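Okay, structure first, notes after.
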Amino acid sequence: MRALPLLAVVALAGCAAAPLPSEHFFRLEIAPPPARPAVTAIVVVERPQAHGIYNDRPLLFLGGDGSYQQYNYQIWITTPPQMLREQLAAYLRAAYGGEHVYSSEAHAPGMLFVKTEVQHLEQITGHGSSARLAMDFIIADHDDAPLAVFSFDETEPAASEAMADYAQAQDRLLARAYARLLDKLDPLARAKR
């Protein structure tokens, strides 16, 4: 009989637990580049490759102890590869026009293919906060022969450890990476094939 009142107190205490924090969603968003002169090629943006935790929606951080961890309740709006592809396709459409940029998997002579692989997309914590973005880029022809290959690996300080500031730092990194890609892609997209 004494256990019944104790059980009731425990049950009521469970009801009084603090509510779970709300989820916060983030999206990478960069400003479009200025329109470029007309191009002759069709550019196809392939889905970026990403391995392991870089395919997951929770935001990542690299702690001072060197371990990678996922934030709870801090989530990308979609998977990083999908988000990066959407941003790259929109960026290239702004530069070259929508009729020259596709994000399908079509293959035809004269097309150029932009392939990317995500190596790092995380917040670095410990002494302040910064963002790190590392990606490999390949521009290939319709036979899958590489025409240009380069890597981007930079960090950018965030204004604070807040997730919104981290996402803005990632936006700045992504804008630099895509601008570098555009510089490599421009002469190839104008060449007669």
Where a residue in segment 52-73 is more than 24 Å from residue 22 (Cβ to Cβ) and among the basic types (Lys, Arg) and its partner, wherever it lies, is in a strand (DSSP E or B) and at pLDDT 95 or above, with Cβ under 6 Å and at least six apart:
none
Those residues of segment 59-108 that are surrounded by 15 or more Cβ atoms within 10 Å (Cβ to Cβ) and assigned to a helix (DSSP H, G or I) come to a total of 18
Quick one: is residue 132 crowded, with 16+ Cβ neighbours inside 10 Å, within 22 Å of residue 161 (Cα to Cα) and in contact with a strand residue (DSSP E or B) (Cβ under 7 Å, 6 or more places away or on another chain)?
yes
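I'm trying to understand the selection: among the residues of segment 134-167, which are closer than 19 Å to residue 73 by Cβ and either out of contact with any helix residue (DSSP H, G or I) (no Cβ under 8 Å at 6 or more places or on another chain) or assigned to a helix (DSSP H, G or I) (or both)? It would help to see each step written out before you state the result.
First, pick out the residues of segment 134-167 that are closer than 19 Å to residue 73 by Cβ: 158, 160-167.
Across segment 134-167, the qualifying residues are 160, 161, 162, 163, 164, 165, 166, 167.
Filter segment 99-138 down to the residues that are acidic (Asp, Glu) and either closer than 21 Å to residue 184 by Cβ or in contact with a Leu (Cβ under 6 Å, 6 or more places away or on another chain) (or both) and list them by number. If you could, list the steps in order and put the result at the bottom.
Filtering segment 99-138 for residues acidic (Asp, Glu) gives 99, 105, 117, 122, 136.
If the condition is that a residue be acidic (Asp, Glu) and either closer than 21 Å to residue 184 by Cβ or in contact with a Leu (Cβ under 6 Å, 6 or more places away or on another chain) (or both), then 117, 122, 136 are the ones that fit.
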Does at least one position in segment 41-51 carry a residue that is modelled with pLDDT of 95 or more and either part of a helix (DSSP H, G or I) or polar (S, T, N, Q) (or both)?
yes
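With the condition kept exactly as written, say whether any residue in segment 177-188 is in contact (Cβ under 8 Å) with a residue 24 or more places away in the chain, more than 19 Å from residue 87 (Cα to Cα) and surrounded by 15 or more Cβ atoms within 10 Å (Cβ to Cβ).
Filtering segment 177-188 for residues in contact (Cβ under 8 Å) with a residue 24 or more places away in the chain gives 177-182, 184-186, 188.
Filter once more, so that each one left must be more than 19 Å from residue 87 (Cα to Cα): 188.
Among the residues that remain, those that are also surrounded by 15 or more Cβ atoms within 10 Å (Cβ to Cβ) are: 188.
Within segment 177-188 (the criterion being in contact (Cβ under 8 Å) with a residue 24 or more places away in the chain, more than 19 Å from residue 87 (Cα to Cα) and surrounded by 15 or more Cβ atoms within 10 Å (Cβ to Cβ)), the answer is yes, since at least one residue qualifies.
The values are calculated or read from the model by the stated rules, or taken from the named source; none is laboratory data. As the structure is a prediction and not an experimental result, all values here were calculated from the model. Every residue, glycine as well, gets a Cβ built from its backbone with ideal geometry; the counts of neighbours run over all protein chains shown.
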